[in-house]
């Protein structure tokens, strides 16, 4: 079969899963998990088929387009339901379907006692379908559709436990911020379309060098608007505040959003539109700077957060910052490489966090956790593997991918070299916040829950409470189920985590400097026209290995620092917190971004809305425009009704007065 046939099948299976579970959710019960997981696994098989079919073609013919029908082909618009199967989209298909299939498998055990089990898998399949539409779209119209669908699916999953006020507010927050990104994407498309007169990706890229010069105003404006979309979807400063709140969704949802889908969409967008960003270096610099700022800001906040899922969430923001920085700078292969390895170890860390939360009977605070190392050996080993990969320690996957980006930045020079050096500072923070979490959760004196688990008993809370605010919850009406699952007791969870742990160890070996270049060779046909991806811009093998060594040293320095603070000298953290109370408070309040947005945007918008409702709506519209016209009509009709008395003498008088008025008018006119 052709690559595009496989591409359509990749979309078909999640669609069938969504529809099948959604229409029959009351009938399928627990079979929904099997159907949903099978649908995504079959999509992964088809993605492998697309890979094989694409590799069977020559490098010059690895960009294949297919259209089902024309959506709007008139007046210069060529919008079609079209997919583009090329190395970039195939790479994204493999990562999205592969990791999502494991998350579905994990969910079959983790969500087993939840009342919304079938609904959950319908939403989960829809989420994966939306992401696949986004990455397979062959033009801006299909991209925008997939982009919007991902935002809608994220709302459904973040607010999945709809009886939680914190969850519904988090879902709305994510939806609103992502809609802002949608607007940026649509407006950016308009700026490009008005010059290229096509919405097709390949057509746009072919026309761009002929209709735009370097840093053309409309091109820069369009690319900056694309960055707004990327920043909103990928949670980059200042459009990042929705991501930590998204932890209100079930833990596998957090894993899906943060690992293989949604937050990686911004990285994909920049890489996909790289021919435009290379013609707009000013916009590209903005993207690189914002990515660098995000990785540092998120890393600093992760040092003080006590919710285990939010620590990993800020870690995601930080790592996406590396990817955005790399993609904007021209390290396209490095950005996608880190996207892949990050999907492995970040999904693994969230799954491990879910296992710990299950052992804690739903509690998520690190202040309550300790000593789970012996009680949960499998989860502990998986967490260590994921933590080392995230921290960029040799020879784990994150070591190769993250330092690939930093080596490119340093080799390019100029402002990018400065950003690369700051990236190493972020690597220190990564090692510190990652192992701060591990040392607090797995080392030290075992918590009561860990003690209970050591004796073979899984803790269960008598009253289920919302970990965000302590409110009591009814597990039968839209809240998490009363039962909890841990990897040590659930084969499905163990298989999913075990496979991801293996990938987090070996995944980096597909791109070893001076040894192999499997990924860069595969992506080369899609990046053939990109000067920044040329060999002349890549660091030498020696420089790349120097960067890898520096990265490991910096990561180990971060780990060693928190080892001293939490293991060698317990109590140091409390002393540091007391000594630097102002800084700690600043980081606890997340750099006051939420408060700033509330003052600058939310409150003025509410004030303007209240003014519009009280003055414009009630007085001007209702009272003046609508009320004035209706009042005039009512008054006129009332006067006419009063004139209709039915008395002949009044009608005769009216006729005489009317004739007199007409005669008087003509006399005056003649004079």
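Is there a residue in segment 455-464 that is part of a loop (DSSP other than H, G, I, E, B), under 30 Å from residue 559 (Cα atoms) and in the same structural domain as residue 573 (by TED's automatic domain parsing)? Checked against the condition, which is being part of a loop (DSSP other than H, G, I, E, B), under 30 Å from residue 559 (Cα atoms) and in the same structural domain as residue 573 (by TED's automatic domain parsing), segment 455-464 yields no hits at all.
Just one of the listed residues (105, 157) is within 22 Å of residue 260 (Cβ to Cβ), buried (at least 22 other Cβ atoms within 10 Å of the Cβ) and within 17 Å of the chain's Cα centre (by Cα), namely 157. For segment 368-387, the set of residues classified as in a helix (DSSP H, G or I) and touching a residue at least 60 places away in the same chain (Cβ under 8 Å) consists of 368, 377, 378, 379, 380, 381, 382, 385, 386, listed by residue number.
Residues are listed down the side, and each one gets a yes or a no for (1) surrounded by fewer than 12 Cβ atoms within 10 Å (Cβ to Cβ); (2) at positive phi; (3) touching a residue at least 40 places away in the same chain (Cβ under 8 Å):
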residue: 531; (1), (2), (3): yes, no, yes
residue: 557; (1), (2), (3): no, no, yes
residue: 567; (1), (2), (3): no, no, yes
residue: 575; (1), (2), (3): yes, no, no
residue: 616; (1), (2), (3): no, no, no
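So, of the residues in segment 533-545 that are crowded, with 20+ Cβ neighbours inside 10 Å and assigned to a helix (DSSP H, G or I), which turns out to be nearest to the chain's Cα centre (by Cα)? In this case the residue turns out to be 533.
When residue 611 is tested against (1) modelled with pLDDT of 75 or more; (2) part of a loop (DSSP other than H, G, I, E, B), just one condition goes unmet, and that condition is (2). Of the residues making up segment 18-67, those that are at pLDDT 85 or above and not in a helix (DSSP H, G or I) are 56, 57, 58, 62, 63, 64, 65, 66, 67. Listed conditions (1) more than 20 Å from residue 396 (Cα to Cα); (2) over 29 Å from the mean Cα position of the chain (by Cα) are all met by residue 553, apart from (1).
Of all the listed residues (302, 265, 280), the sole one being closer than 21 Å to residue 565 by Cα and buried (at least 24 other Cβ atoms within 10 Å of the Cβ) is 302. Being in a loop (DSSP other than H, G, I, E, B) and assigned by TED's automatic domain parsing to the domain that holds residue 192 is the requirement here; does residue 113 meet it? Answer is yes for this residue. Residue-level check: of (1) part of a loop (DSSP other than H, G, I, E, B); (2) out of contact with any helix residue (DSSP H, G or I) (no Cβ under 9 Å at 6 or more places or on another chain), residue 73 misses just (1).
Could we say that residue 420 is touching a helix residue (DSSP H, G or I) at 6+ places or on another chain (Cβ under 8 Å), free of Cβ contacts under 8 Å to residues at least 24 places away in the same chain and crowded, with 18+ Cβ neighbours inside 10 Å here? Yes: the conditions hold for residue 420.
Going residue by residue through segment 424-447, is there one that turns out to be in contact with a helix residue (DSSP H, G or I) (Cβ under 7 Å, 6 or more places away or on another chain), surrounded by fewer than 24 Cβ atoms within 10 Å (Cβ to Cβ), touching a residue at least 40 places away in the same chain (Cβ under 8 Å) and within 17 Å of residue 334 (Cα to Cα)? Checked segment 424-447: at least one residue is in contact with a helix residue (DSSP H, G or I) (Cβ under 7 Å, 6 or more places away or on another chain), surrounded by fewer than 24 Cβ atoms within 10 Å (Cβ to Cβ), touching a residue at least 40 places away in the same chain (Cβ under 8 Å) and within 17 Å of residue 334 (Cα to Cα).
Residue count for segment 1-37 satisfying the condition of being surrounded by 17 or more Cβ atoms within 10 Å (Cβ to Cβ) and touching a strand residue (DSSP E or B) at 6+ places or on another chain (Cβ under 8 Å): 6.
Here residue 249 does not qualify as under 26 Å from the mean Cα position of the chain (by Cα), surrounded by 24 or more Cβ atoms within 10 Å (Cβ to Cβ) and modelled with pLDDT of 90 or more.
The values are calculated or read from the model by the stated rules, or taken from the named source; none is laboratory data. The structure displayed is predicted, hence computed values, not measured ones. When we count neighbours, we look across all protein chains shown, and the Cβ atoms used for this are built from the backbone with ideal geometry, even at glycine.
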